[in-house]
Amino acid sequence: MPDDRLFAGTRAAAPLPHRVAGVARSVNVVEVVDQAPIGRLQVLVLAVCALVAILDGFDLQAIAFTGPVIAQQWGIEATALGVIFSAALVGMTLGALLIGMLGDHFGRKVAVGLSVAIFGVFTLATARAESYNELLLYRFLTGLGVGGAIPSVTTLTAEYAPARLRIRLIAVMSIGIPLGGVLSGLLAAQMISVWGWESVFYIGGVFPLLLLPLIGKVLPESMHFLVTKREEEANTTVARILNRINPSGRYTERDSFFVPEVRMRGLLVKHLFGSGLARNTLLLWLAFFINLLALYFLMTWLPAILIGAGFLISKAINISVLFNLGGAIGALLLAQLMSKYGSRQMLTVFFALAALLCTVVVRLGGSSPVFLMLVIFLSGFLTISAQIGMNATAAGIYPTDIRATGVGWALGIARVGAIAGPVIGGILASWRLDIQGYFLIFGMLLMVAAVAIALLQFDDKPAMQPGGKPVSVVG
């Protein structure tokens, strides 16, 4: 059954077993992580996973900032540019599904390294593209790695975080994605006019490859994955990792390590619909699909829309950066609120507020530049943070053995919405809608997402301290 402790804070647990000379112990890996203080190893896991997320966000959004320039230089029509945007998202869909399952079968560390290598190599290749078809292919292949990275780093962050801090640490890791977009936009605004659009992709390709040795040396494998292998070498590795987390435990390979969940066999995808998970899986997929449809429409087309409205390219890119900046700030606030009030309740509120924002735009219009900047900031604040919150929620709904598959499939289904976003944006543009028309349609969709989240059924109530106060998420 699902690990409903993911968002519940710390609960009362039996003291960890102490070492008795010559006697093997039965050690609950989850309890050790939950009861130990945050140490150097957990900080390293968080830092490496956050770096992966930053580079993931950088490479994902680089095409949005460079796309208008490429289209102008190569004579690409807007509809064809939309296909370029969607190519990476198709790759992301496959990457989220396939590499997520690879993570469950071959280890999270392998999945992270493979993902980073793929999007690093093909982001570099994008800088060397000389034709439309080459650009299309390289963006698709980049998307495979970009889409595969996030389920794996989300799972690793969740597994090495104690329950009382899990929401906060997943959110901190996840804000690397919009921060990567901010960095990509700020650099693109300065670099394109000096070194050309290719320079953005050189930066986005080199740094992931430089990160690979750090991933290999510093990032540990998932202990949950190692425990289920039931091999002597894996047992030794688990003991070594636990001794870094809790040195006083003095764990050895003679100890018997376990996680309090049943190993699921066969095709892992089918388990997303078993054990009472079908309702949550379908509702989660619906919310993921709708939010990424709206999010990726804005994320990919904002610079082009602003340029079409008369802004210079550097100004358009800098204004578009507000979307990602709002998302990074909103994610930190949402993580705190989710820890205090529960993820289902707060995600429902954020989606409802996003729908309300769309209604305000419909009523007031978007002719004022200051109002437009505020709307872009708040749109990112609500939709990006909600997506990050849903990533954490998905990790909490599913048990360990199918967690990466659950998160991967939710993100994969969401990528279908992401693919549709730029295409639908092109259709809406052909209808010559004004800004109120765009926001009216997205407002209705986001309200559907709010209802879907509200109907989820899982235990996300924060644990309470004596006296009725929620457990602190900062320990």
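The values are calculated or read from the model by the stated rules, or taken from the named source; none is laboratory data. Since the model is a prediction, treat every value here as computed from it, not as a measurement. All Cβ positions, glycine included, derive from the backbone under ideal geometry; neighbour counts span all protein chains shown. To get the accessible areas, we keep the full protein, side chains included, count just its heavy atoms, and leave off ligands, DNA and RNA. Shrake-Rupley method; radii C 1.70, N 1.55, O 1.52, S 1.80 Å.
General observations
- Magnitude of the charge dipole, region 111-181, Cβ model with Lys/Arg +1 and Asp/Glu -1, debye to 20: 320 debye
- Dividing the summed helix terms, -39500 (n - 2.57) for each DSSP H run of n ≥ 4, by the number of residues in the chain produces a 222 nm estimate of -25500 deg cm²/dmol to the nearest 500.
- Zero-based 5 Å bins, Cα pair distances in region 50-114, whole percents: 4, 15, 19, 20, 16, 10, 9, 6, 2
- Stokes-Einstein D (µm²/s) once Rh is taken as the Kirkwood radius of region 134-268 over alpha-carbon pairs, at 4 °C in 1.567 mPa s: 71 µm²/s
- Measuring spread by the Cα atoms of region 25-181 yields a radius of gyration and Dmax of 18.0, 68 Å.
- Positive-end residue, region 108-192 charge dipole about Cα centroid, Cβ charges, pick of Leu141, Gly180, Ser152: Ser152
- Stokes-Einstein, applied to the Kirkwood radius of region 150-197 over Cα pairs at a viscosity of 1.002 mPa s and 20 °C, places its translational diffusion at 171 µm² s⁻¹.
- Each Lys and Arg Cβ is given +1 and each Asp and Glu Cβ -1; about its Cα centre, the chain then shows a dipole of about 1020 debye.
- Dipole of the chain, positive end: most advanced residue of Ile453, Ala335, Ala163 [Cβ charges, Cα centre]: Ala163
- Rule-of-thumb Rg ratio for region 183-326 [Cα; 2.2 N^0.38 Å; N residues]: 1.63
- Between region 439-460 and region 152-195, the Cα center-to-center distance that results, in Å: 24 Å
- Taking the Cα centre of region 243-382 as origin and assigning +1 to Lys and Arg Cβ atoms and -1 to Asp and Glu Cβ atoms, the resulting dipole is close to 300 debye.
- Of the accessible area of region 93-219, computed with a 1.4 Å probe over protein heavy atoms only, carbon and sulfur atoms account for 73 percent.
- Taking every Cα-Cα distance in region 78-162 and sorting them into 5 Å bins from zero, the calculated P(r) comes out as 3, 17, 24, 20, 15, 10, 7, 3, 1, 0 percent.
- Pairwise alpha-carbon distances in region 377-420 exceed 15 Å for 49% of all pairs.
- Convex hull of Cα atoms in the chain, direction-averaged projection (nm²): 21.9 nm²
- Accessible surface area normalised per residue over the chain is 39 Å², counting heavy atoms of protein chains with a 1.4 Å rolling probe.
- Gap separating the Cα centres of region 372-422 and region 94-150, nearest whole Å: 18 Å
- For the chain, the relative contact order works out to 27 percent when only alpha carbon pairs closer than 8 Å and six or more residues apart are counted.
- Scaling against 2.2 N^0.38 Å puts the C-alpha radius of gyration of region 278-344 at 1.47.
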